[in-house]
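*Asks:* Have a look at this one.
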Amino acid sequence: MTAQTLTADIVIPAPLSEAARQLAGKLGMSVGDFYTAALSAYVAAVQERDVTAALNQVYETEPSAMDPALIDLQAATLGGKEW
């Protein structure tokens, strides 16, 4: 299954466009593939920050420590083996 693609006209400052073109060439990528990879990385980073912010908000009011009984049960399942 192939991903759907969209052609978009965007305005990018000339120095940034030239830097991207040169880096894409150094990496052996097409400019289109480079922009796709860069945008994917940016979207992932923003989504990760959103998840981290949400978890931080939860743990402001909720304890994050594991229950000691659960820790003991997990240790028992290892059967005294060291990892």
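*Asks:* It is to be established whether one or more residues within region 8-21 are touching a Ser or Thr at 6+ places or on another chain (Cβ under 7 Å), assigned to a helix (DSSP H, G or I) and surrounded by 10 or more Cβ atoms within 10 Å (Cβ to Cβ).
*Replies:* Scanning region 8-21, I find no residue that is touching a Ser or Thr at 6+ places or on another chain (Cβ under 7 Å), assigned to a helix (DSSP H, G or I) and surrounded by 10 or more Cβ atoms within 10 Å (Cβ to Cβ), so the answer is no.
*Asks:* Same structure, new question: Please find, among Gln4, Gln47, the residue that is surrounded by fewer than 10 Cβ atoms within 10 Å (Cβ to Cβ) and not hydrophobic (A, V, I, L, M, F, W, C).
*Replies:* The unique qualifying residue is Gln4.
To keep it simple, each residue is scored yes or no on (1) closer than 30 Å to Leu16 by Cα; (2) exposed (fewer than 10 other Cβ atoms within 10 Å of the Cβ); (3) touching a Phe, Trp or Tyr at 6+ places or on another chain (Cβ under 9 Å).
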site: Leu39; (1), (2), (3): yes, no, no
site: Tyr42; (1), (2), (3): yes, no, no
site: Thr52; (1), (2), (3): yes, no, no
site: Thr61; (1), (2), (3): no, yes, no
site: Ser64; (1), (2), (3): no, yes, no
site: Asp67; (1), (2), (3): no, yes, no
site: Leu73; (1), (2), (3): no, no, no
site: Leu78; (1), (2), (3): no, yes, no
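*Asks:* Going through region 26-83 one residue at a time, which ones are more than 30 Å from Ala8 (Cα to Cα) and of a type in the set (Phe, Trp, Tyr)?
*Replies:* Of region 26-83, the ones more than 30 Å from Ala8 (Cα to Cα) are 52-83.
Within region 26-83, Tyr59, Trp83 qualify.
Quick note: the coordinates plus some simple rules give every number you see, no bench work behind them. All values reported here derive from a predicted model rather than from experimental measurement. Positions of Cβ are backbone-derived with ideal geometry, glycine not excepted, and every protein chain shown enters the neighbour counts.
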